[in-house]
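Right, one structure below, let's go through it.
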Amino acid sequence: MNLFGIKRMKRKIAVLANGWNNISVTQALKGIRSVTDKLGIDIFLFLSFAAVSQTEARNIGEDDIFDLADYSDFDGVIIFSNMLNSEATPKRLVKRLVEQKVCAVSVGIPYEGLSYVGIDNYKGMYDMVDHLVKEHHIKNPAFLAGARDNADSNERLIATREALAKNGIELKDENVRYTNWEYLTSMRYAMEYCKKPDPPDAFICANDHNALAACIGLNKMGYSVPEDFIVTGFDKLSSAETFFPSITTVFQDYEKIGYVSAWQLVNKLDGTAESDNLTVSTTFVCNESCGCKKTAEAEVRRHRACIESYSNEMENIIFRAREAEMTTSVFTCSSFKEFQRNLVSFYSRENFNPFGQSDEFYFILDDNTYKHFIQSSNPVLHTYSDKMHCLVAVKDGKCSEPGGFMRKELIPGYGKKKKPSVYTFTSMHFDDALFGYIVTSNSLKSIQDRTLSKYMIQLNYNIEQYRKNCHLEEINRSLLNITNTDRLTGLNNRFGMEKNAVPLFEEAHKNGKSCAVVFIDMNRMKEINDNYGHLQGDLAIKTVASVLSECNPEGWIGIRYGGDEFVSVGICNDEKIAVKYIDEVCTLLKKRAEELALEYTITVSCGYALSDPASTLTLFDYVSKADSVMYLNKQKTYATGKIAFRNAP
């Protein structure tokens, strides 16, 4: 076997699945890895947490993780189409894979153009229902289904109806309820049914989660399983086996399904596949919830579960504490620089990794979100950009800030390692607004124990709250800027002088530095207004303001002090700098007036004062001194026709 052209292999495959099927996903990956590890192939797992019970917008944001990659960059794709929340999502993805001519295997639902690995939901369910009738003599069962459009649930319902019909029993329409796989809904239906005058004698459930919820609901009503009601499930979850009573169920061997899917992909790529369609059978497993004797295996699992329960509880407490710490230390800030600094600091501590056993961890922002966090007027979009920004990478026990990279790379600095890895990609978003994504490697335990799903829910909420903080902070800055800014000129007004110039003046004196305080007054402003109108007067004022802003040395603050009066304040220990500044203002102002071809001239009278750090005089005292000097200079200018300026004594 050529093993699909080793020389041309990219040595990576993509797997698309839904994370709420946590046990099935981790079991399937175990089977897939038994093939890919031998071939040195990395797995890129794109994991959505979409669910029927969630809003459409949230599900769109979750499923967008499937649109992150260009699947033609992979050797092939395995898509668990029966897990993907809705019929529309796998159809959309399959269409894309076919159009790109990507070699792919669909698990659970057949599609034209893809190889298919089917799961025989029918036989195991049929055998179990037949057992319930023949061995436990049920006559009036209820069926707690999943979602209406779910192929697996519907196939299990068909098997139930036909097994009952063969034994002369009808499954009444009123005894079928669709739960959307929701725990509380399944519990509620079970509790409602047992109140009926003619209650069901058995609850046949579309999966083990529904069965466990039904048992708990019946227990709340004071009933026992299987003494009062029989309950069965489907999936053979570990929690169903350790439950009391252990759940009679149907075993889907997802490890085998993963193994078969991986070899089907390999053989398809290599051109040696004998068939495009394979089916993996299911097996009926008899346990306590139907009244059969408990198995030794279930008892062993219960003992192990008791031992592990304390450990799991403590790990959950530690994880929640880390979540709270992340919220307070990273996401309560309101500036992007602070956010980046806190994020790196948080993940740098003792080589902290949120998933413990994970080898690598990447916190990646989409370019649009990156720009939005810097300036909230930039929109957060609903599709991925071509550029990404990795704010934090934890790899080989070290924390780094890789920065920008192209989306096509998926992981900054990705390169094949000696040992094959599983990289898990999950979406950072709020509803359908995309923020970016998280990547972890070899963290399957976090999928199985739902740590990853809990982490992503909290992380996405935190990012949205941080985004709102930034937006509110920017609004507050804008409002403050409006309050402190003169609308006509854009310079500071009197409030801005208090907010910005006074602290500058006081800090300079505190450090033993002097400040130049320059007072500028426009000449013959009344004549401009009277002869040419107030619009021309406004133009003259704006012209002077723009010249002041252009001439101000770095760090100096320009202020519109009154109608046609201006003040400039800046650190200055040399009188020559103030004189040079005034000269530049007058020269540039003359040039600007000529460029505008005005019918009138624009000139100013200036005076300045150099502050003494040892003095107790305030900034406003020095403004008065500079104003007095300006007035004397104005009189000399009018008398001589030449601009005059002097320092305050």
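The values are calculated or read from the model by the stated rules, or taken from the named source; none is laboratory data. Everything quoted here is computed from the prediction, not taken from an experiment. Heads up, the Cβs are rebuilt from the backbone with ideal geometry, glycines too, and the neighbour counts pull from every protein chain shown. Quick note on the areas: whole protein, heavy atoms, side chains included, nothing else; ligands and nucleic acids left out. Shrake-Rupley method; radii C 1.70, N 1.55, O 1.52, S 1.80 Å.
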For each pair in 576/634; 91/416; 95/417, compute the distance between the two Cα atoms and list the pairs where it is over 26 Å.
-> 91/416; 95/417
Residues other than residue 89 with Cβ under 14 Å of its Cβ, Lys/Arg counted +1 and Asp/Glu -1, net out at -3
Farthest toward positive dipole pole in the chain [+1 Lys/Arg, -1 Asp/Glu at C-beta], among 176, 385, 559 | 559
Extended-chain gain in nm, criterion 0.36 nm per residue less alpha-carbon gap, residue 227 and residue 162 = 20.8 nm
Quick one: length gained pulling residue 201 to residue 67 fully straight, 0.36 nm per residue minus the C-alpha distance?
-> 43.6 nm
Charge sum, other residues only, whose C-beta stays under 14 Å from residue 198's C-beta, Lys/Arg counted +1 and Asp/Glu -1 = 0
Return the FRET efficiency for the residue pair residue 450, residue 483: r is the Cβ-Cβ distance, R0 is 60 Å, and the value is rounded to the nearest 0.05.
-> 0.75
Here are several values of Cα Rg over 2.2 N^0.38 Å: [x] 0.98; [y] 1.42; [z] 1.48. Which one was derived from the coordinates shown?
-> [y]
Of the accessible area of the chain, computed with a 1.4 Å probe and all protein chains kept, carbon and sulfur make up a percent value of 51
Could you work out the relative contact order of the chain, using alpha carbon pairs under 8 angstrom and six or more residues apart, expressed as a whole percent?
-> 12
The range 144-203: trypsin sites (Lys or Arg not before Pro) falling in loop per DSSP and having at most 14 other Cβ within 10 Å = 148, 172, 195
Per residue, accessible area of the chain with a 1.4 Å probe, heavy atoms of protein chains only, in Å², comes to 46
Any chance you could run the full-extension gain for residue 283 through residue 575? It's 0.36 nm times the residue separation minus the Cα-Cα distance, nm to one decimal.
-> 95.7 nm
Among the aspartates and glutamates, select those whose C-alpha is under 17 Å from the C-alpha of residue 196, and discard any that sit fewer than 8 residues away in the same chain.
-> 173, 174, 228
Here FRET efficiency (C-beta to C-beta, residue 401 to residue 244, R₀ 45 Å, nearest 0.05) is 0.35
Around residue 45, which amide H atoms from residues at least 5 apart in sequence, or from another chain, sit under 5 Å from its own amide H, with H modelled in the peptide plane?
-> 15, 423, 424, 425
Can you list the HN-Hα couplings for the range 368-379, worked out from phi with the Karplus curve (6.51, -1.76, 1.60; θ = phi - 60°), rounded to whole Hz and with x for Gly and Pro?
-> 5, 5, 4, 5, 5, 5, 6, 9, 5, 5, 6, x
Quickly work out the residue 418-to-residue 621 label distance, labels modelled 7 Å from Cα along the C-beta direction, and quote it in nm with one decimal.
-> 7.6
FRET efficiency for residue 631 and residue 55 from the Cβ-Cβ distance with R0 = 60 Å, rounded to 0.05, comes out at 0.30
Separation in nanometres of the label points that stand 7 Å from Cα toward Cβ, at residue 383 and residue 183 | 3.8
CD proxy, 222 nm, the chain: helix-only mean residue ellipticity via -39,500 (n - 2.57) per DSSP H run with n ≥ 4, per residue, nearest 500, stands at -14500 deg cm²/dmol
Would you mind computing, in nm to one decimal, how far apart the modelled labels at residue 599 and residue 524 are, each placed 7 Å from Cα along Cα→Cβ?
-> 1.4
